[in-house]
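Report on one structure; see the data block that follows.
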Amino acid sequence: MFIELLLTSPESRQLQLLNVIRTQRRIEFTEIAKILQWPYVSTQQVYRRLLKNYRLMTGKQISKPALVEQCDWIYHQLAQSLIRNSVGYQCLMAAVKEEPKPLLSVGEVTIQSRLKPLVAWLKKYQLTYDPQTNVITGDERVIRLFGWQLSELGGTTFDLTAEQKAYLKSLTQSIPDGVVKTRSMERFLQITAIRLAKLKFLAHVPRLAAGHQSKSLVQFSSLPAKAKNIQFDLTEIYWLQYMVIYSPYFVDTNQTSLV
């Protein structure tokens, strides 16, 4: 899984431990160690690390019964926190946003080691990522999809610039009436706005599925004025409306994902 490429082994183990607790609905170290095939002492160490991260996230202590009760929420919050703070996530998100490589608390050798498997993974989707320059290239549609789903994994909240907000406003106005605007869709629009503000446009009108490319898409569009440095055309509107109306990424989200 892609998440496993982002997290270190100790981080992944915390999520594995939580998964077992979610299933068993109790915390018995002998039982958990047997299920995970870990040494008993290692299981306790992972549990203590989990409690430490919980304190860092919430500022509170938690008892075993409370942890079992809140296990689903803790898993979700911890997974997002670990992902957001991972080397791979921070570098790749900066690449999608076309920002400099972030300053990290680990050495360059460690950074390159953690990014290497991500280079191979991205290559499967015809995306080229250079860890040295922190630049990602390829089909703009795929870069946006990747950036969006990466932000979903990390539960990212973007602090947009004024220019990016202008793009976001125009994109939002181009969503047809009746389409439910979810938090996930908002992140997709934000990633699109971030890329457009960097003048990263689609190369051509996407090849939509038979029957989907229709003038009916155009009638919903709210094309932005050329003023105020907003630049995108009908190609972008076709792609955006295809994504939110027809694409399985929004229509059948349980079945379709990149990461």
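The values are calculated or read from the model by the stated rules, or taken from the named source; none is laboratory data. Owing to the predicted nature of the structure, the values given are computational and were not obtained by experimental measurement. Glycine also receives a Cβ, built like all others from the backbone with ideal geometry; neighbour counts cover every protein chain displayed.
Of the residues in the range 126-134, at least one is buried (at least 16 other Cβ atoms within 10 Å of the Cβ), in contact with a strand residue (DSSP E or B) (Cβ under 9 Å, 6 or more places away or on another chain) and over 16 Å from residue 196 (Cβ atoms). The lone criterion from (1) free of Cβ contacts under 8 Å to residues at least 40 places away in the same chain; (2) more than 27 Å from residue 114 (Cα to Cα) left unmet by residue 17 is number (2). Selection of helices (runs of 4 or more DSSP H) fully inside the range 88-183 by the criterion of at least 2 residues being over 23 Å from residue 250 (Cβ atoms) returns 108-123, 162-173.
Looking at 40, 89, 47, 75, which is the one that is in contact (Cβ under 8 Å) with a residue 40 or more places away in the chain and in the same structural domain as residue 12 (by TED's automatic domain parsing)?
After applying the criteria, what remains is 75.
Here is the figure for the range 136-168: residues that are of a type in the set (Ser, Thr, Tyr), over 20 Å from residue 91 (Cβ atoms) and touching a residue at least 40 places away in the same chain (Cβ under 8 Å) total 1.
From the list 88, 59, the lone residue that is modelled with pLDDT of 95 or more, touching a Lys or Arg at 6+ places or on another chain (Cβ under 7 Å) and small (Gly, Ala, Ser) is 88.
Count of the range 52-70 residues, restricted to those that are surrounded by 15 or more Cβ atoms within 10 Å (Cβ to Cβ) and part of a helix (DSSP H, G or I), is 4.
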